[in-house]
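Here's the structure, in structure tokens; my notes come after.
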Amino acid sequence: MALQSQLMDDRGHSRKIEGSVIDCVISRDGQYLAYVTADGDLWIATAQDKHSPDQWKVYHPHDGGILCLSQDISPQGFLTGGDDNTVQRFIPGQPIQCVAKASRWVEHLTSWYNLKTQQGLFAFVAGKQVEVYKNQDKEHCAVLQHDSTVSGIDFSQYGTALACSHYNGATLWAVDTQEKRGFVWKGSHIGVIMHPYDEALITAMQENDLHGWRLSDGHNMRMSGYTTKVKSLSFSMNGKWLATSGTENVVMWPFFDGGPIGKPPAELTGIPNSCCTQVTFHPQYEMLAAGFLDGSVLLIDTDAKKVLPVCFGNQQSHGSITALSFSPAGDLLSFGTENGTIAVLDLS
């Protein structure tokens, strides 16, 4: 069944594939879109053929399932991690390349890139260990050991530090020196995000809460009130708002004028009797994309609080929104669903 709404009908395209979509990413140059399934399929579309879903191609980079996806350091490439203990690099027009072999499953991937210097880093998680690689090298520049399994990673704004979430808190590592700063809060932390100007480190928790630390002085910040686990977090480009999944509405915590300490969140319009599953801010404007359990996707102007439906969902046909991503220029929005629908919306 096609995704229905006036916006998708006019400016969007979708395709039904086999398997559950676990992530989607658009390349740094905005020319390629990648979607991955837990079954091990890597689907690639180009911005040029976004209007022709029958031209989208599938690849199988791993000997098994895919667990994570990231932009590569290269402008057009992607990185995937799998249950075959490898990290694979896909660059269109080139053979798929194994760039790292781990001691166990590769469960999380992230990358950082400086457009001016054309220098970059990527990091991945294998159990309690995080490995960091520089540029296109096959040799790691850092191996970061933890006392418990790492549940999420995120680079700082300038790529000088890497935040890692784990049981009982988070650790912020200096990439060059491997010096570390620990942040303790008892419990299971299941994901992490850095403030875009390195003002705070925020983790999602097993107990349907968020916890954070102000980096200037280590002050604790607790953000609660969710009905389910928060599995998606996104900061606005200016660091003013942190949007999250986890309730019927889209929750946004203020990170200005001393917030979020002592301040309630803003709650944006959601889907009645559903739950927000994915959020991502536009890279240039105060606009947010939000996906929901019933398969709906909304575009929300966070200043004017105006809502533009991208598609209205039908959970029985294509399932909940499990992946959501803007292109770096913000002219494309890609998303995927639990039941194997992959889609792109042209916002140019």
Exercise. Mind listing whichever residues of segment 229-276 are in contact with a Leu (Cβ under 7 Å, 6 or more places away or on another chain) and open to solvent by less than 10 Å² (accessible area, probe 1.4 Å)?
Key: V230, L242, A243, T244, V250, M252
Quiz item: With S20, S74, S14 as the choices, which residue is more than 20 Å from I342 (Cα to Cα) and small (G, A, S)?
Solution: S74
Quiz item: What number of residues within segment 132-151 satisfy the criterion of being part of a strand (DSSP E or B) and either open to solvent by 40 Å² or more (accessible area, probe 1.4 Å) or closer than 22 Å to S232 by Cα (or both)?
Solution: 5
Quiz item: Does D301 fit the bill of being at pLDDT below 95, surrounded by fewer than 24 Cβ atoms within 10 Å (Cβ to Cβ) and of a type outside the set (K, R)?
Solution: yes
Self-check item: Residue within segment 83-90 that is farther than 22 Å from G191 by Cβ, touching a residue at least 12 places away in the same chain (Cβ under 8 Å) and open to solvent by 60 Å² or more (accessible area, probe 1.4 Å) present
Solution: no
Quiz item: Among the residues of segment 174-213, which ones are over 30 Å from E248 (Cβ atoms) and in contact (Cβ under 8 Å) with a residue 40 or more places away in the chain?
Solution: V175, Y197, D198
Quiz item: S216 passes all but one of (1) without any contact (Cβ under 8 Å) to a residue 40 or more places away in the chain; (2) in a loop (DSSP other than H, G, I, E, B); (3) open to solvent by less than 60 Å² (accessible area, probe 1.4 Å); (4) of a type outside the set (D, E, K, R); which number fails?
Solution: (3)
Quiz item: Counting only residues that are at negative phi and of a type in the set (G, A, S), which one in segment 244-273 is modelled with the lowest pLDDT?
Solution: G259
Self-check item: segment 110-131 residues that are on the phi < 0 side of the Ramachandran plot and open to solvent by 40 Å² or more (accessible area, probe 1.4 Å), paired with ones that are of a type in the set (D, E, K, R) and part of a strand (DSSP E or B) (beta carbon under 8 Å, 6 or more apart)
Solution: Q119/K134
Quiz item: How many of the residues in segment 20-42 are under 20 Å from G295 (Cα atoms), surrounded by fewer than 21 Cβ atoms within 10 Å (Cβ to Cβ) and at pLDDT 95 or above?
Solution: 2
Quiz item: What number goes with the only condition from (1) farther than 23 Å from R214 by Cα; (2) at pLDDT below 95 that V130 does not pass?
Solution: (2)
Quiz prompt | Given (1) within 28 Å of R222 (Cα to Cα); (2) buried (at least 22 other Cβ atoms within 10 Å of the Cβ), number of the condition V310 does not satisfy | solution = (1)
Quiz item: Here are some conditions: (1) closer than 23 Å to G159 by Cα; (2) touching a residue at least 60 places away in the same chain (Cβ under 8 Å); (3) aliphatic (A, V, I, L, M). V106 meets all but one. Which one does it not meet?
Solution: (2)
Quiz item: With respect to D154, is the statement that it is in a loop (DSSP other than H, G, I, E, B) and open to solvent by 20 Å² or more (accessible area, probe 1.4 Å) true?
Solution: no
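The values are calculated or read from the model by the stated rules, or taken from the named source; none is laboratory data. Note that the structure is a prediction, hence the values are computed from the model and not measured. We place every Cβ from the backbone using ideal geometry, glycine too, and count neighbours over all the protein chains shown. What goes into the accessible areas is simple: the full protein's heavy atoms, side chains included, and nothing from ligands, DNA or RNA. Shrake-Rupley method; radii C 1.70, N 1.55, O 1.52, S 1.80 Å.
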